[in-house]
Amino acid sequence: MLGFLKEPVVVTAKINVNLVALTVMGLISRLWGLCYPRAVVFDEVYYGQFVSLYMKRIFFVDDSGPPFGHMLLALGGYLGGFDGNFLWNRIGAEYSMNVPVWSLRLLPALAGALCVPLAYQILVELHFSHCAALGAALLILLENSLITQSRFMLLESILIFFILLAVLSYLKFYNLQKHSAFSGSWWFWLLLTGVACSCAVGVKYMGLFTYMLLLAIAGLHFWHMIGDQDLSNVSLLCHFLARGLALIIIPMGMYLSFFYVHLALLYRSGPHDQIMTSAFQASLEGGLARITQGQPLEVAYGSQITLRNVLGKPMQCWLHSHTNTYPIRYENGRGSSHQQQVTCYPFKDVNNWWIVKDPGMQQLVVSNPPRPVRHGHIVQLVHGITTRYLNTHDVAAPLSPHSQEVSCYIDYNISMPAQNLWRVEIVNRESDTDVWKTILSEVRFVHVNTSAVLKASGLSGASLPEWGYRQLEVVGEKLSRGYHQSMVWNVEEHRYGKSQEQKEREVELHSPTQMDISKNLSFMAKFTELQWKILTLKNEDTEHKYSSSALDWITMDTNIAYWLHPTSAAQIHLLGNVATWASANAAAVVYLCLSLWYLIRRRRKVYDIPEDAWQLWVSAGGICGGGWAVNYLPFFLMEKTLFLYHYLPALTFQILLIPVVLQHLGNHLCRSVLLKSMFSALIVAWFSSVYFVYCTFSPVTYGQPALSLMELKALRWKDTWNILIRKQ
């Protein structure tokens, strides 16, 4: 029974020394001196704010992309014990002692380091030689721009890591297809492909480009499988379902999970939640939730309400009125009704309160039991403080002459009768009998007499002049002119009115109400709203000193100064390895020209290279060349401020193309021993130049040692580079 103890237990393992050595060198190149400089470097001032908000559990919206990358940076802060207390207000600010700089920069650095062995393995899985794979990894290792970007609290290195991991996983899965379909390793690499793709998209939407490329390649491979007569229909269906599960369903589920964790962590109200709907704000702890907690859910006749415009941008505002009237004549000579002004006011104020009145009754209090207002009901809106009725008529609005003026009616005993009946239309109703609900219902007020819709036109135009206190214009807009979100309102604050007397009612309007009714949103409702805000919220793109165009990137005609020492000449720049960038461009041109030549020759039934070499050439081009194209060309269509670091994912794929082209040239064009020897010598000389450029620019890659004035001037290889030189 114990016979197995007679022999020693032996475990054997194959260790790829190349892979281990590359991983160690990658870690050294990215982790060395990681805490230097102990100051805010370029976009750390941007991402650091979000890390602090995560530490304090305060909700925020970042229109640059999904939250997964931010959460990874916050994880570094959490592991380092960061409490979130640091003022991220300027580049170059010295970090206080409570900021764990090494921990915050660790995950981007690890991701950047692991890109080196990933590049090696991708070339191996593409069936290129270990020498070519080693060359690709060393080029990634010695690329100054990738080193710089991975050594700080930035997202590009994490994005590139997940992109390369997705490509490697798919290649490993594909190579197992013929001999080990549906095996454990086959499933592992297929599932990891989907996971890595979702992580890449979750870090930045740029990851979507590579995800789409892999989906297209997977679709092409499956199309070829359909023509394989050895596969049964059932087998094909299983392959299709497996790919659909791993490459579509799981990435979608993971993408949702990023937002679920994000919303679970950020449960406190903050400055960013003002752009969200009232329902979303009320779901957060503090802020609006503290004000609206326990409000009545159903709006009834006699309810006292504030109405917030749903659009919420460029600022939130509430339907508002005050005792001042429109001027008899405007500056351009047009006349007005001289009625009481109605505006949209971007601050909470007692003059934002309105009373929902039944046109057939005089009372301004809620009956017992309350009579709820439903979709399609006719109401009057009475301004709480002045008790005048919301009104519109065929008079031109002050700033929008093609729209109707909205006012609170004053009876001047002239031939302008009150027109103050409004039909309540619930836009997001489930049925035509829906009750108007606090916060949840999005409503439109349609004027009964003229069919005009109440609209906050000032959200898309100028504010009123001094006579309107620079508040935002409200108009009656014909629906025939088109639907707009500024026509939709929701009840934010709500109480059941109890006081019929005006003075008692004014006291009531100033006091909060507490009734125990919950209005929590579901996760999907919050996700849908947050996702829409991320996709549609646009910050004003201003010209940045270091912004550039996509054309500048190929030839690296631009750089970015990331950091400058306050007293010495030490500085850090985002600058690439000139030799590598030029070689990558040359490799892309050679690949394109050779591919066209081969295609034309093959059309003429002339086969210059064996079929297996041609398939290898095409598959490598699809991954490396395709990866460069999908990560670069879309930037020509984008209307946003662009920076050199946006090119780094595309550059990574282009670098992988260099050894592909070199091996092909060496194997198929250099056919004599002499040519092969000369070609090898040229490669050694070329690679020496890559290492020389890396060493030359290392001082501005790592920020040390500080260079002299002459040394800095010598680094300005292009007139368009902005190397910082202090005036003596």
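The values are calculated or read from the model by the stated rules, or taken from the named source; none is laboratory data. Treat the numbers as computed from the prediction; the structure is a model and nothing was measured. Cβ coordinates were reconstructed from backbone atoms using ideal geometry, including for glycine residues, and neighbour counts include every protein chain displayed. Just so you know, the surface numbers come from the protein's heavy atoms only, side chains and all, with ligands and any DNA or RNA stripped out. Shrake-Rupley method; radii C 1.70, N 1.55, O 1.52, S 1.80 Å.
Condition check: of a type in the set (Ser, Thr, Tyr), farther than 24 Å from Leu256 by Cα and open to solvent by 10 Å² or more (accessible area, probe 1.4 Å). Does Tyr36 satisfy that? I'd like the intermediate steps shown before the answer.
Details: of a type in the set (Ser, Thr, Tyr): yes; farther than 24 Å from Leu256 by Cα: yes; open to solvent by 10 Å² or more (accessible area, probe 1.4 Å): yes.
Yes; evaluated as a whole, the condition is true for this residue.
Within the range 634-677, being small (Gly, Ala, Ser) and touching a helix residue (DSSP H, G or I) at 6+ places or on another chain (Cβ under 9 Å) holds for Ala650, Gly666.
When the range 468-501 is filtered for residues that are among the small types (Gly, Ala, Ser), surrounded by fewer than 24 Cβ atoms within 10 Å (Cβ to Cβ) and under 32 Å from the mean Cα position of the chain (by Cα), only Gly482 remains.
Would you list the helices (runs of 4 or more DSSP H) that sit entirely within the range 67-153 and hold 1 or more residues that are under 26 Å from Val690 (Cβ atoms)?
Working: elements: 68-79, 101-125, 130-141, 144-150.
Per the criteria, 101-125, 130-141, 144-150.
Yes/no matrix, rows are residues, columns are (1) at pLDDT below 90; (2) over 21 Å from the mean Cα position of the chain (by Cα); (3) outside the structural domain of Ala74 (by the TED database):
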site: Gly207; (1), (2), (3): no, no, no
site: Ile217; (1), (2), (3): no, yes, no
site: Leu220; (1), (2), (3): no, yes, no
site: Leu236; (1), (2), (3): no, yes, no
site: Thr277; (1), (2), (3): yes, no, yes
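Across the range 1-52, the number of residues qualifying as closer than 30 Å to His272 by Cα and not in a helix (DSSP H, G or I) comes to 6.
What about Lys357, is it open to solvent by less than 30 Å² (accessible area, probe 1.4 Å), charged (D, E, K, R) and modelled with pLDDT under 95?
Working: open to solvent by less than 30 Å² (accessible area, probe 1.4 Å): yes; charged (D, E, K, R): yes; modelled with pLDDT under 95: yes.
In short, yes.
One residue stands out in the range 623-651 among those that are of a type in the set (Val, Ile, Thr) and in a helix (DSSP H, G or I): the one that is surrounded by the fewest Cβ atoms within 10 Å (Cβ to Cβ), namely Val630.
Residue count for the range 598-622 under the criterion of being open to solvent by 30 Å² or more (accessible area, probe 1.4 Å), under 16 Å from Asn667 (Cβ atoms) and assigned to a helix (DSSP H, G or I): the result is 6.
Scanning the range 555-579 for residues that are buried (at least 17 other Cβ atoms within 10 Å of the Cβ), under 18 Å from Ala650 (Cβ atoms) and of a type in the set (Val, Ile, Thr) turns up Thr558, Ile560, Val578. Could you tell me which numbered condition His262 fails, if it satisfies all but one of (1) out of contact with any Pro (no Cβ under 7 Å at 6 or more places or on another chain); (2) over 30 Å from Gly626 (Cβ atoms)? If we test His262 against (1) out of contact with any Pro (no Cβ under 7 Å at 6 or more places or on another chain); (2) over 30 Å from Gly626 (Cβ atoms), just (1) comes out false.
The set of residues from the range 61-75 being crowded, with 22+ Cβ neighbours inside 10 Å and over 19 Å from Phe643 (Cα atoms) comprises Pro66, Pro67, Phe68, His70, Leu73, Ala74. Residues in the range 179-188 that are surrounded by fewer than 19 Cβ atoms within 10 Å (Cβ to Cβ) and of a type in the set (A, V, I, L, M, F, W, C): Ala181, Phe182, Trp187, Phe188.
The lone criterion from (1) more than 23 Å from Arg308 (Cβ to Cβ); (2) outside any strand (DSSP E or B); (3) in contact with an Asp or Glu (Cβ under 6 Å, 6 or more places away or on another chain) left unmet by Ser367 is number (3).
Answer yes if at least one residue in the range 431-454 is under 34 Å from the mean Cα position of the chain (by Cα) and closer than 15 Å to His320 by Cα, and no otherwise. So far as the range 431-454 goes, yes, one or more of its residues are under 34 Å from the mean Cα position of the chain (by Cα) and closer than 15 Å to His320 by Cα. Looking only at the range 663-686, residues that are open to solvent by less than 50 Å² (accessible area, probe 1.4 Å) and either among the hydrophobic types (A, V, I, L, M, F, W, C) or outside the structural domain of Trp597 (by the TED database) (or both) come to 3 in all.
Please determine whether any residue of the range 371-388 is part of a loop (DSSP other than H, G, I, E, B), modelled with pLDDT under 90 and open to solvent by 60 Å² or more (accessible area, probe 1.4 Å). Taking every residue of the range 371-388 in turn, none turns out to be part of a loop (DSSP other than H, G, I, E, B), modelled with pLDDT under 90 and open to solvent by 60 Å² or more (accessible area, probe 1.4 Å).
One residue alone among Gln704, Gln654, Gln663 is assigned to a helix (DSSP H, G or I) and under 25 Å from Ala111 (Cα atoms), and that residue is Gln654. The residues of the range 101-114 that are surrounded by fewer than 24 Cβ atoms within 10 Å (Cβ to Cβ) and farther than 27 Å from Asn85 by Cβ amount to a single one, Leu114.
May I ask you to list the residues in the range 237-261 that are open to solvent by less than 20 Å² (accessible area, probe 1.4 Å) and either of a type in the set (Phe, Trp, Tyr) or in contact with a His (Cβ under 8 Å, 6 or more places away or on another chain) (or both)?
Initial filter on the range 237-261 (open to solvent by less than 20 Å² (accessible area, probe 1.4 Å)): 239, 242, 246-247, 251, 258-259.
Once the filter is applied, which keeps residues that are open to solvent by less than 20 Å² (accessible area, probe 1.4 Å) and either of a type in the set (Phe, Trp, Tyr) or in contact with a His (Cβ under 8 Å, 6 or more places away or on another chain) (or both), the range 237-261 yields Phe258, Phe259.
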